[in-house]
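The values are calculated or read from the model by the stated rules, or taken from the named source; none is laboratory data. Owing to the predicted nature of the structure, the values given are computational and were not obtained by experimental measurement. Cβ coordinates were reconstructed from backbone atoms using ideal geometry, including for glycine residues, and neighbour counts include every protein chain displayed.
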Amino acid sequence: MTKKTLAALLASSLVTPIMADEKTELLKLRQDIAKEREELLDLKNTTANLIEVFVQQGLLDKQKAQTLMKAAKAKVATESRQELATTAADGQTATEPDTATQPKSPKSIRFAYVPEFVKEEIRQEVIAGLTNKVVTEVKADARKEQWGIPAALPEWVNNIKISGDVRLRAQDDFFGPANTQNAYLDYLNINQDGGHLAAHNKNQEYLNTTNDRLRLRERFRLAIDAKVTDGLKAGFRLSTTNEFSPVSSNQTLGNTGKTFEVTIDRAFIQYDFVDSRHNDWFTLWGGRIANPWLSTEMLYSSDLSFEGFAGTFRWHSNQDNPVVKNYQAANPNSRFGLQMGPQTPDSLFITLGAFPIQEVNFSTTDKWLFGGQIGADWLIHNDSRLKAAAAFYDYENTRARANARDSFTYDWTAPQYLQKGNTLVPINVNDGFNSRCTDSQSLQGQPCLFGLASDFKIFNATVMYDFAGFAPTHALVSLDYAKNLGYDAGRIEREFPGFLKGNNKSRTDAFQIRLDVGKQEIKYFKDWSAILAYRYIQRDAVLDAFTDTIFHQGGTDAKGWMIGGNYGLAKNTWLMFRWFSTEAIDGPPLDINTLSMDLNMRL
């Protein structure tokens, strides 16, 4: 009995320290677990509070926040179950061989010591990483899905899109030494002043053809488009302008004491019919609208707006082709001077338009432009794209009609605006009886009001091929041809006998070939593109009032080269330069070289 008692006492003396150590370690484990639980709760509360703040600030929809929390809890539960299953499997694999080869040992608990500063670093990294990840994901989702905006702002605000641009231009014109002074009449000023003498007294009778000229100019435009309902929108655009020109929105600097003129450059309604497969079948416009045609600035200046009604109708094919379906067209105005027309690949299109040019009081014969264009837009290979179109533009009641003696019936046939180049004939002549062409306005036998000699019925063919084989660098080749079918030399001679003095030959052809290489649109720093073009435009090929304003200082009866380029200076900021070398085709010698430098910013 004594031996057994002594053995028990000895055993208890050995076991007691072991049990005490295990108890201490268990207490420490519970404290560590409690501390880790506190930190996890703190992390959980921080995340929950962060999401709650997003909800209160209107950046995150409440329903979206609840969905995020539920998804997070479900993900944690799933990962916990997976971790437990993995741990159990690892425990079985690790202990089974030992039970077969080794004797059983008393149950023991082992703890790895982790220093407090390491725990703190891990804790801070987890909190920072999770917080940054949550903020980044929330911001991305908020930007993409516009969380909170419908709830925080009126509905109409979300339906409005604001855009704009600013341009500063330096334009330097150099005139050739062979040019002669007073060789070209300034018909626009003669008409506006009332005659040759009136324009002469204001030093406005002739165009400048000999004195080099530097002009600094600015253009500012601000556009607002408002969605009315699905497919229907209204828009307008404010722009700097000048008094007379429909093809330029530049404001020339140097008018000390005067403020800039700002006008409504666009004001329109647009309807797009899009089916359930997102195919846009037709678009209708009404009001003062952008150029709806596939065209170049040889025919229509890039600043020209059209007043009236137009519609584009499309027939689609290959819309289930992934390349066609996922194709993202560039901005149709991204290449200056080219209007890319309808932007629906693998389609045929037809565009129709009716535009009043001048409403004439006391007359039913207003001036109109009626136009029609049919074309194709095709993806040849991947992003390489071919566009081709044929158009006919019919200008009604735009040619001059001679007044009878001391009559002013046809004064309205004088153009409200023109540049230079088109053949002009007299509407009123100082014949000693015409009270409007008095000797104070014009000399005897001298006209005092001019109009266009020709009708303008223009056939136009345009081809553009955008080769994307060097993407993101593109090479775009464009060809443009125009022919005026309305010139009638016999009719002009009958109605204005002898006035043209044998210079009544038909000159009605125009063409341009152009190459653009580089980015489709200049958006970022170091984006670039280069331009090379040749243009040949006879005097009555197109209406000189609507053509480009820089090439040969605007108008027709000119040929020459243009070389230029664009370079991105910063996001939505770029520099464009162009050099023009031009000369007259048929008139007196007139050589003009022009350097144009533009600093552009897109808002």
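Structural remarks
- All positions within region 289-305 that are part of a loop (DSSP other than H, G, I, E, B) and either under 18 Å from the mean Cα position of the chain (by Cα) or of a type outside the set (A, V, I, L, M) (or both): ALA290, ASN291, PRO292, TRP293, LEU294, GLU297, TYR300, SER301, SER302, ASP303, LEU304, SER305
- Filter result for SER249 (in the same structural domain as PHE349 (by TED's automatic domain parsing), in contact with a strand residue (DSSP E or B) (Cβ under 8 Å, 6 or more places away or on another chain), surrounded by 15 or more Cβ atoms within 10 Å (Cβ to Cβ) and closer than 24 Å to THR344 by Cα): no
- Qualifying residue in region 314-323 (condition: crowded, with 16+ Cβ neighbours inside 10 Å, in contact (Cβ under 8 Å) with a residue 24 or more places away in the chain and of a type in the set (A, V, I, L, M)): no
For (1) in a loop (DSSP other than H, G, I, E, B); (2) at pLDDT 95 or above, each residue gets a yes or a no:
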site	(1), (2)
THR283	no, yes
GLY287	no, yes
VAL323	no, no
PHE336	yes, no
GLY341	yes, no
LEU352	no, yes
GLY371	no, yes
ILE374	no, yes
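- Candidates PHE236, PHE313, PHE309, PHE260: the one that is hydrophobic (A, V, I, L, M, F, W, C) and part of a loop (DSSP other than H, G, I, E, B) is PHE260.
- Residue within region 278-291 that is more than 20 Å from MET340 (Cβ to Cβ), touching a residue at least 24 places away in the same chain (Cβ under 8 Å) and among the basic types (Lys, Arg) present: yes
- From the options LEU197, LEU188, residue that is more than 22 Å from ALA453 (Cα to Cα) and in the same structural domain as PRO415 (by TED's automatic domain parsing): LEU197
- Filter result (of a type in the set (Gly, Ala, Ser) and in contact with a strand residue (DSSP E or B) (Cβ under 7 Å, 6 or more places away or on another chain)) within region 454-502: SER454, ALA461, ALA468, GLY469, ALA475, SER478, ALA482, GLY486
Condition check ((1) of a type in the set (Lys, Arg); (2) closer than 22 Å to GLY451 by Cβ; (3) outside any loop (DSSP other than H, G, I, E, B); (4) within 21 Å of the chain's Cα centre (by Cα)) across all residues:
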{"residue": "GLY502", "(1), (2), (3), (4)": "no, yes, no, no"}
{"residue": "GLN520", "(1), (2), (3), (4)": "no, no, no, yes"}
{"residue": "LEU532", "(1), (2), (3), (4)": "no, no, yes, no"}
{"residue": "ARG535", "(1), (2), (3), (4)": "yes, no, yes, no"}
{"residue": "ALA541", "(1), (2), (3), (4)": "no, yes, no, no"}
{"residue": "ALA545", "(1), (2), (3), (4)": "no, yes, yes, no"}
{"residue": "TRP561", "(1), (2), (3), (4)": "no, no, yes, no"}
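- Taken as a whole, the structure places GLY235 among residues that are in the same structural domain as THR438 (by TED's automatic domain parsing) and farther than 23 Å from GLN446 by Cα.
- Test for ASP275: is it over 24 Å from LYS483 (Cα atoms) and either buried (at least 20 other Cβ atoms within 10 Å of the Cβ) or within 21 Å of the chain's Cα centre (by Cα) (or both): no
- Within region 451-467, the set of residues being surrounded by fewer than 18 Cβ atoms within 10 Å (Cβ to Cβ) and either of a type outside the set (A, V, I, L, M) or at pLDDT below 95 (or both) comprises LYS457, PHE459, TYR465.
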